[in-house]
Amino acid sequence: MNITLTPDIEQALEEQAREQGTTPEQLALDSLRQQFVDPTKSKPDSTFEGSLADFLGDSIGSIDSNEHVPGGAQMSESTGKSFTQGLLKKRQQGHL
C-alpha cells in the first residue's frame, strides 16, 4: 500500500521524527500501528528479542562437515586464497 501525504502532514512527520530521533517512515508506521493494531492480537516483528540465529532457528540449520568428510571439510579456511586461485584459473581458461 502506498499513501500519498499532503505537504502539511509530511512536514509535521519530518519535524516530529527529527525531535524524536527517528525517521519519518518509522514514526508513521508506529503511529498507524498504535492507532489501528490491537496490541493483544499482534506483536510487531521488530520487537523480537534474541539473536538472528534464534529468530531464524526453525528455518535454518547447520551441519558438522566431520559427518561427511573425514577431518572436516575446512571450507572456512583460506577463503581469500581459494577465491584468488579460482579467479586465476578462470583467467587462464579465457573466461575472464
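Bear in mind these aren't lab numbers, they're just calculated from the coordinates by the rules spelled out. Bear in mind that the values here come from a model prediction, so they are computed numbers and not experimental data.
Observations on the model:
- Extension gain from Leu5 to Gln92, taking 0.36 nm per residue of separation minus the Cα-Cα distance: 25.6 nm
- Backbone amide hydrogens, once placed in the peptide plane, bring Ala73 within less than 5 Å of Ser65, Asn66, excluding anything fewer than 5 places away on its chain.
- Convex hull volume of the chain per residue (C-alpha atoms, cubic angstrom): 280
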